[in-house]
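Report on the following structure.
What follows draws every value from the coordinates through simple rules; no lab data is involved. Bear in mind that the values here come from a model prediction, so they are computed numbers and not experimental data. In this analysis, Cβ positions are derived from the backbone assuming ideal geometry, glycine residues included, and neighbour counts consider all displayed protein chains.
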Amino acid sequence: MYERILAAVDESQTAERVLAAAQELAALSNGEVIVLNVWQGEPARYKACTATSYERARVMVETAEKHLAGAGIRATGEVAANLYIHAAREITSCARAHDVGVIVIGSSHRSELAALVAGSTAHQVVHTATCPVVVVP
């Protein structure tokens, strides 16, 4: 089915469900999961993105890798730093670089109006990815 699956995780409550969905897809196809966290900050608040927050992102990715490995799934992790809130661009770029077959991402639970006006990362990924995207609520 899919040799490589990209699981885009963050600190939201949907991250566990994203990993579970990626794990299920990988188990069906004996595939590998690439766990990606886009560590980002807004230019005005960049000073708030410290080494501590980067380390938290790295620990989150490593924990996900260990969880997947414990379930018998090959997994690698990556933290991509991004200053200008272009998480969707980082996700789709990573997917192309690793030649993934599918991206699994969580929805932001924004209101429909907010998603329409500002767009969500998941929405942007769906519209710019060159592979299928599974959006987990």
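What ranking, highest mean first, results for peptides 65-71, 21-27 when packing means the other Cβ atoms within 10 Å averaged over each residue?
So the order, starting with the most tightly packed, is 21-27, 65-71.
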Once label points are set 7 Å from the Cα along Cα→Cβ at both GLU16 and GLU55, what is their separation, rounded to one decimal in nm?
2.6 nm
Fewest-first ordering of MET1, MET60 by Cβ atoms within 10 Å yields MET1, MET60
